1. For region 61-72, what are the residues that are surrounded by fewer than 24 Cβ atoms within 10 Å (Cβ to Cβ) and of a type in the set (S, T, N, Q)?
2. Gly57 versus (1) part of a loop (DSSP other than H, G, I, E, B); (2) farther than 26 Å from Thr151 by Cβ: which is the lone unmet condition?
3. For region 112-142, enumerate the residues that are among the small types (Gly, Ala, Ser) and within 17 Å of Thr179 (Cβ to Cβ).
4. Can you find a residue that is under 15 Å from the mean Cα position of the chain (by Cα), crowded, with 24+ Cβ neighbours inside 10 Å and over 15 Å from Ser78 (Cα atoms) anywhere in region 148-155?
5. Being open to solvent by 20 Å² or more (accessible area, probe 1.4 Å), closer than 29 Å to Thr1 by Cα and at pLDDT 95 or above, is that true of even one residue in region 95-103?
6. Limited to region 70-119, what total is found for residues that are over 11 Å from the mean Cα position of the chain (by Cα), over 18 Å from Gly146 (Cβ atoms) and in a loop (DSSP other than H, G, I, E, B)?
7. Let me spell it out: the conditions are (1) in a strand (DSSP E or B); (2) among the hydroxyl-bearing types (Ser, Thr, Tyr); (3) touching a Gly at 6+ places or on another chain (Cβ under 9 Å), and Tyr66 meets all of them except one. Which number is the exception?
8. Quick one: Gly122 ticks every box in (1) assigned to a loop (DSSP other than H, G, I, E, B); (2) touching a Lys or Arg at 6+ places or on another chain (Cβ under 9 Å); (3) modelled with pLDDT of 95 or more bar one, so which box is it?
Amino acid sequence: TNSVKGFYNKYPGIHIATGKTLTIKGDGSLTASSNGYACGIGCGYEGINAGNIVIEGGTITATGGYGCAGIGGGIHGSSCGDITITGGYIDATGGYYNTGAGAAGIGSGNYGSSCGNITITGGIITATGGNNNSAGIGCGSNGSCGDITITDGVTSVTARKGNGAPNSIGASSTGSCGTVTIGGIVTG
């Protein structure tokens, strides 16, 4: 059982160095959160970028701070690599920044944040976008992400969009993402 929180308000609960990959697996539990302007797992504030994130198992609860994803990209131009989930129980919640800007539960934050491809092939996932204009899985306000692929092997995916967002999975109202493929069907 592990619980981590960013030590300073611009740093995530767990940071992955650019070009590196964090792999989380096993039967334990992990709770990761920001202490302000950063992700639960992933990026920090304004250029504190992150590498790739792989989750293979465990019970993971990740909560983003202001405008930052629960798992993925931060705020003000922070970018992370690919996000891959193959198993586990994941509950990820994006943070909101103000009345017009929120972050994805899994994906990118806002104000120029980005993340790579998001691939989900297993597990039980709940992803909730920040309060405004952000997808549950995908991108936050004025953010971007790569392709999103969710295969048939996933036990359960629940994605909740923030207020005013057009998609629960995919692009935010002011962001962009690549191709969205769910169960082999291209949806966007």
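The values are calculated or read from the model by the stated rules, or taken from the named source; none is laboratory data. The shown structure was predicted, so the numbers you read here are calculated from the model rather than taken from an experiment. Glycine also receives a Cβ, built like all others from the backbone with ideal geometry; neighbour counts cover every protein chain displayed. To get the accessible areas, we keep the full protein, side chains included, count just its heavy atoms, and leave off ligands, DNA and RNA. Shrake-Rupley method; radii C 1.70, N 1.55, O 1.52, S 1.80 Å.
1. Thr61
2. So Gly57 meets the others, but not (2).
3. Ser114, Gly116, Ala135, Gly138
4. Yes, there is a match, as at least one residue in region 148-155 is under 15 Å from the mean Cα position of the chain (by Cα), crowded, with 24+ Cβ neighbours inside 10 Å and over 15 Å from Ser78 (Cα atoms).
5. Within region 95-103, none of the residues are open to solvent by 20 Å² or more (accessible area, probe 1.4 Å), closer than 29 Å to Thr1 by Cα and at pLDDT 95 or above.
6. Residues that pass the stated criteria total 6.
7. Unmet for Tyr66, out of (1) in a strand (DSSP E or B); (2) among the hydroxyl-bearing types (Ser, Thr, Tyr); (3) touching a Gly at 6+ places or on another chain (Cβ under 9 Å): (1).
8. Every condition holds for Gly122 apart from (2).
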